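Please treat every number below as a calculation from the coordinates, not as lab data. Values in this document were obtained by computation on a predicted structure and should not be read as measured data. Counting neighbours? That spans all protein chains shown, and the Cβs are built from the backbone with ideal geometry, glycine included.
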Amino acid sequence: MSNESLANLLKEERRFAPPADLAARANVTAEAYEQARADRLGFWAAQARRLSWHTEPTQTLDWSNPPFAKWFADGKLNVAYNCVDRHVENGLGDRVALHFEGEPGDTRSITYAELQREVSKAANALTELGVQAGDRVAIYLPMIPEAVVSMLACARIGAPHSLVFGGFSADARVVITADGGYRRGKPSALKPAVDEALTRPGTENVRSVLVVRRTGQEDVAWTEGRDVWWHDLVERQSDRHTPEAFDAEHPLFILYTSGTTGKPKGILHTTGGYLTQISYTHHAVFDLKPESDVFWCTADVGWVTGHSYIVYGPLSNGATEVLYEGTPDTPHRGRWWEIVQKYGVTILYTAPTAIRAAMKWGDDIPAKFDLSSLRVLGSVGEPINPEAWVWYREHIGAGTTPVVDTWWQTETGGIMISPLPGVTETKPGSAQVPLPGISATVVDDDANEVPNGSGGYLVLTEPWPSMLRTIWGDDQRYLDTYWSRFEGRYFAGDGAKKDEDGDIWLLGRVDDVMLVSGHNISTTEVESALVSHPKVAEAAVVGATDPQTTQAICAFVILRGDADLGEEESAALVEELRAHVGKQLGPIAKPKRILPVAELPKTRSGKIMRRLLRDVAENRTLGDVTTLTDSSVMELIQAKLPAAP
Ligand code: 6R9
């Protein structure tokens, strides 16, 4: 990629200062950046003291064998104790930890004292099933309290969990699942997928399948001797359990990345450094005041966002949070806003895909609900188009609530680049600045840091506490994937640019960058230009092989308000959109083809699978579609496609 690559195309000049009252009471001020700059390791050692250690660490970072990091290596702690018991010991047992809202409307509020009993029973149950420290447990559950309880029970006994999200592989001792969950108003079975997976090779170690009854479907296939109901086993356990302290580097979980290309990577996270950074970032980025805030992260617990910002961050900080099982449009398109109103949610953390869907459904829907409790809004998962960012602030945040665009990955464990709501003057569409204690920059092909105003590759230049420790069972792949592209620096795989102030803008995965007549063009910028047109709700852009220009830009767009156009109107709109992009970004970025579609292919974490759209644009047979939320989407898109020009 050349230095003018990922060219500085889109000009976004809107700026939003932090609200004065929030800034005056903010958990973290500008001073934190100074402290961390002066003594990065001292800064993280201080953050580690947010936790209760069984044995206080005397070491901070051991980087003697890079890139294999050890953080707080001589410390010992128990993660579940930190997320549950210590709050009860501190007199907060009656505080609600989880407000659970089931999709059919059933609800359950669980206090920290209740959570302590539930986690203790589940830990005792796993022990009865023979699970010991170091044994793996696979979890495949809907968004119900038992998912959180199971994860904490595993952490409590030192059994690394692996949440299954999409494709199933169960190299574990025990699998925890449910008969089913509710999605889009209907019970949807889960256990058959587990039963099927356990017939495959590599699953011989699974001795038990622990099954939560969620939907009460009648015909649950049962393997005697292997399957056991949660309500039979867990309910009869003692609700007391003494947590054992584990080494700071004891494995906490393995999470398989969706792997848009290639075979999935098992990302390993460990105990002390992970919890330190997750707890700190949740406190800093969301300005969490545990005594008064109601936090809601809408992610699935099976995604890293759910691990870090439903389970470990909020609970380590003693937060009260919402856990919602279902989809945003069941039974109606105002469901989320109804939940915000009902529980008085103050901090909402969601993904751009959800924001764009809400935009498409119309401003009038959130306007029907009282959203005045909200005081911080977060975004994660993809670059957020400036238009979606501004809509989020305007229509969900009453035009006053700060929006924090948080960049991070499964591999980074926690948030790395983000504004701070009481400090940063925000810019729509930019994650802006590395958090205190985090070092990131943008480099060119030759590993030189690019000047302000230029683009290149995002790299992380110093180790951080919640970094992945390796790819499970494959140290070489860990080295090759992340540490070989640029000597001594972590290669994130994302394109980025620095603006004139040195703030960072993420431009999408480098695999998605398009090469058009010798220019590198970012999919994100063309998508943002399309979304800034009033008729476009969502856009996905890919580069399709082209004999004249190397690649040609091909755009798939979802129109706002479900507009259904005739052929002529549609052709006119396509021309209008091409002109609009040309005006915003220059003629080179004009899409060659624009195709209105009803849906886009997405992973369960809301990321657009551009690889599949590239297959369509190049008239190829589709690649692997197993991580799609809805595989019928691709058929609809293909049916829409005229023969290639
Ligand atoms: C947390 C999570 C990681 C990839 C990452 C990047 C994209 C996430 C983003 C963002 C731009 C943001 N990504 N947050 N891009 N701005 N705020 O999403 O983890 O599922 O592993 O994905 O997601 O491309 O490299 P994961």
For segment 104-117, Karplus couplings with θ = phi - 60° (6.51, -1.76, 1.60), whole Hz, Gly/Pro x
x, x, 6, 9, 7, 10, 10, 7, 4, 5, 5, 4, 4, 5
Report the calculated FRET efficiency for Thr461 and Asp219 (r = Cβ-Cβ distance, R0 = 56 Å), to the nearest 0.05.
0.50
With the 8 Å Cα cutoff and a minimum separation of six or more residues, the chain has a relative contact order in percent of 14 percent
Report the label-to-label distance for Asp501 and Arg477 in nanometres (one decimal), using points 7 Å from each Cα along the Cα→Cβ vector.
4.0 nm
Gln638 versus His332: modelled label distance in nm, points set 7 Å from Cα along the beta carbon direction
3.8 nm
Describe numerically, in nm with one decimal, the distance between label points set 7 Å from Cα along Cα→Cβ at Ala398 and at Glu618.
5.0 nm
At 25 °C and 0.890 mPa s, what whole-number value in µm²/s does Stokes-Einstein give for the translational diffusion of the chain, with Rh from the Kirkwood sum over Cα pairs?
97 µm²/s
Helix-derived mean residue ellipticity, 222 nm - over the chain, DSSP H n ≥ 4, -39500 (n - 2.57), to 500:
-7000 deg cm²/dmol
Plugging the Cβ-Cβ distance of Asp511 and Glu204 into 1/(1 + (r/R0)^6) at R0 = 35 Å yields, to the nearest 0.05, a FRET efficiency of 0.50
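Rg over Rh of segment 517-640, using C-alpha atoms and the Kirkwood radius, what does it come to? Write out the running numbers ahead of the final one.
Details: Rg = 14.0 Å, Rh = 14.8 Å.
Looking at segment 517-640, the ratio lands at 0.94.
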Could you state the per residue volume, in Å³, of the convex hull enclosing the Cα atoms of segment 359-426?
103 Å³
Antiparallel versus total DSSP beta bridges in the chain: what percent is that, nearest 5?
60 percent
Would you kindly state how much longer the chain becomes between Asp74 and Ala571 on full extension, computed as 0.36 nm times their sequence separation minus their alpha carbon distance, in nm to one decimal?
172.3 nm
Expressed as a whole number of Å, what is the distance separating the alpha-carbon centroids of segment 308-349 and segment 84-116?
14 Å
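If you average 1/r over every pair of different alpha-carbon atoms in segment 59-149 and take one over that average, what Kirkwood value in Å do you get? Write down the numbers at each step before the final one.
Working: mean 1/r = 0.0630 Å⁻¹.
Its Kirkwood hydrodynamic radius stands at 15.9 Å.
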What percent do you get for the relative contact order of segment 31-169 when only Cα pairs under 8 Å and 6+ apart count?
17 percent
